[in-house]
Amino acid sequence: MANTRDIGAIAEERAADFLVDQGYLIVERNWRYKNMGEIDIIAMEGDTLVFVEVRYRHSRAYGLPESTVNHAKLRTIRTTATMWLMLHGSLNAPCRIDVIGMDMIDDTVEIRHYRNVM
């Protein structure tokens with residue numbers, strides 16, 4: 001049986017594939033900066049950098065997975081994304097934060113993409 005990290009990697013792979021199918025270019029995955037935080041996917045849509053948080057669940061018993069992205073998590077993503085922009089000399093680049101919620105129930109995968117959540 002796969003562990004949580006393995007399942008998370010599968011969900012992120014499916015999310016990246018979804019974004020590519022939508023015309024995005026994947027720039028980086030699982031980017032971390034020290035103890036600050038992690039960005040699941042960094043992508044380009046046209047000239048806009050997109051920092052993507054991926055959330056998944058195997059059941060809807062506790063609600064939609066994207067509902068777990070709270071204000072504190074969004075602050076962490078914003079701070080980590082700002083560090084990425086600083087380190088890459090891209091502070092003036094257009095950017096946004098998106099969330100992908102994914103249900104992986106039995107053999108069915110349902111993906112919901114929320115653009116510009118912050």
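Numerical summary
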{"quantity": "Single match in T76, T68 (criterion: of a type outside the set (D, E) and at pLDDT below 90)", "calculated": "T68"}
{"quantity": "Some residue of the range 74-87 being in a loop (DSSP other than H, G, I, E, B) and over 20 Å from A9 (Cβ atoms)", "calculated": "no"}
{"quantity": "Count of the range 48-68 residues which are under 11 Å from the mean Cα position of the chain (by Cα) and either in a strand (DSSP E or B) or under 26 Å from H88 (Cα atoms) (or both)", "calculated": "7"}
{"quantity": "Among the candidates D40, D98, D103, residue that is part of a strand (DSSP E or B) and at pLDDT below 95", "calculated": "D103"}
{"quantity": "Number of the condition not met by L19 [criteria: (1) at positive phi; (2) not in a strand (DSSP E or B)]", "calculated": "(1)"}
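The values are calculated or read from the model by the stated rules, or taken from the named source; none is laboratory data. Keep in mind the model is a prediction, meaning the values are calculated, not measured. Glycine gets a Cβ as well: all are built from the backbone with ideal geometry, and neighbour counts include every protein chain shown.
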